[in-house]
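Chemist: I'd like to ask you about the structure that follows.
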Amino acid sequence: MNALAQLAIDAQGGMDRWKKFETVSADLVQGGVFWQVKGKAGVLDKTSVTVGLRSEWASHSPFGTSARRSRFEPNRVAIEGPDGTVLEELREPRQSFAGHTLQTPWNDLQLAYFAGCAMWTYLNIPFLLAWPGVACEELSPWKESGESWRRLEIRFPDNVATHSTKQTLYIDASGFVKRHDYDVEIAGNTPAAHYMDAYVEVSGIRFATVQRIFARQADGSVNREPLIVSIDLSNIQLR
């Protein structure tokens with residue numbers, strides 16, 4: 001494995017410990033202007049998410065109301081009732097975003113796809129660096145906020161549903177992921193810089209509980225206003 005990828009995985013708990021678990025869940029408080037732009041303000045302000053660690057899936061509950069939850073997989077997304085009854089379903093959901101820009105509003109199934117895809121990625125980083133078919137390459141260092149971070153470019157295989165094929169992690173001297181860059185392909189390839197802070201340890205694995213996402217410029221700099229997305233995690237559990 002790439003040496004920088006190994007450093008990040010080891011710093012956040014190590015692959016041997018990670019393999020002991022099948023799922024991770026967390027309570028979420030979310031904000032930022034993105035949800036309003038997509039016509040979905042308030043739907044996922046306060047919710048809980050569970051994601052798979054061995055296969056790609058995620059579920060948010062409640063999804064808008066306590067009577068609904070989501071189910072995301074790469075080739076299918078659904079809104080379900082509390083007993084698992086399928087209320088709405090979309091096969092090959094990524095195709096439904098063709099031609100979208102940042103301002104294109106989403107329906108509930110598209111929101112469920114984005115939210116599931118996003119939180120599966122965030123909660124599995126950096127352990128996704130060991131996922132089958134994922135390739136890594138170290139880039140030149142990056143200086144920000146008085147620190148020097150090493151950068152790791154990731155390329156995901158086609159069978160992984162995530163924001164973009166190419167993404168970049170910024171890793172501090174201790175091995176913690178501090179920033180995560182990607183382009184949101186399903187929202188017009190919108191470039192984003194995702195910051196991670198306030199790590200806590202849960203069952204030997206470390207998670208960033210404060211996450212903030214801003215618009216990224218072509219030179220890698222960041223616009224701090226407006227705040228695109230905020231994610232605050234609590235009650236994290238590994239099972």
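The values are calculated or read from the model by the stated rules, or taken from the named source; none is laboratory data. Bear in mind that the values here come from a model prediction, so they are computed numbers and not experimental data. Virtual Cβ from ideal backbone geometry, glycine too; neighbours counted across all protein chains shown. Heads up: the accessible areas ignore ligands, DNA and RNA and are worked out on the full protein's heavy atoms, side chains in. Shrake-Rupley method; radii C 1.70, N 1.55, O 1.52, S 1.80 Å.
Chemist: Any residue that is part of a loop (DSSP other than H, G, I, E, B) and open to solvent by less than 20 Å² (accessible area, probe 1.4 Å) - is there at least one of those in region 31-50?
Modeler: Looking for residues that are part of a loop (DSSP other than H, G, I, E, B) and open to solvent by less than 20 Å² (accessible area, probe 1.4 Å), one finds at least one in region 31-50, hence yes.
Chemist: In region 75-121, how many residues are hydroxyl-bearing (Ser, Thr, Tyr) and surrounded by fewer than 21 Cβ atoms within 10 Å (Cβ to Cβ)?
Modeler: Of the residues in region 75-121, 4 are hydroxyl-bearing (Ser, Thr, Tyr) and surrounded by fewer than 21 Cβ atoms within 10 Å (Cβ to Cβ).
Chemist: Tell me, yes or no, whether region 130-140 has at least one residue that is among the charged types (D, E, K, R) and in contact with a helix residue (DSSP H, G or I) (Cβ under 8 Å, 6 or more places away or on another chain).
Modeler: Yes, because at least one residue in region 130-140 is among the charged types (D, E, K, R) and in contact with a helix residue (DSSP H, G or I) (Cβ under 8 Å, 6 or more places away or on another chain).
Chemist: Suppose we filter region 211-226 for residues that are open to solvent by 50 Å² or more (accessible area, probe 1.4 Å) and within 14 Å of Gly32 (Cβ to Cβ); how many remain?
Modeler: So the count comes out to 5.
Chemist: I would also like to ask the following. Residues in region 186-239 that are closer than 20 Å to Lys166 by Cα and aliphatic (A, V, I, L, M): how many?
Modeler: The number of residues fulfilling the criteria is 9.
Chemist: A further question on this structure: Which one is nearest to Phe127 (Cα to Cα), of the residues in region 51-61 that are open to solvent by less than 40 Å² (accessible area, probe 1.4 Å) and small (Gly, Ala, Ser)?
Modeler: Only one residue fits best here, namely Gly52.
Chemist: Quick check on my filter: what residues within region 154-177 are open to solvent by 40 Å² or more (accessible area, probe 1.4 Å) and either free of Cβ contacts under 8 Å to residues at least 60 places away in the same chain or touching a Ser or Thr at 6+ places or on another chain (Cβ under 6 Å) (or both)?
Modeler: Answer for region 154-177, where residues must be open to solvent by 40 Å² or more (accessible area, probe 1.4 Å) and either free of Cβ contacts under 8 Å to residues at least 60 places away in the same chain or touching a Ser or Thr at 6+ places or on another chain (Cβ under 6 Å) (or both): Arg155, Asp158, Thr165, Lys166, Ala173.
Chemist: List, please: which pairs have Cβ atoms under 6 Å, are six or more places apart or on different chains, and start with a residue in region 140-153 that is part of a strand (DSSP E or B) and end with one that is of a type in the set (Ser, Thr, Tyr)?
Modeler: That search, which allows pairs on different chains as well, returns Pro141/Ser148; Trp142/Tyr170; Trp149/Tyr170; Arg151/Thr168; Arg151/Tyr170; Glu153/Thr168.
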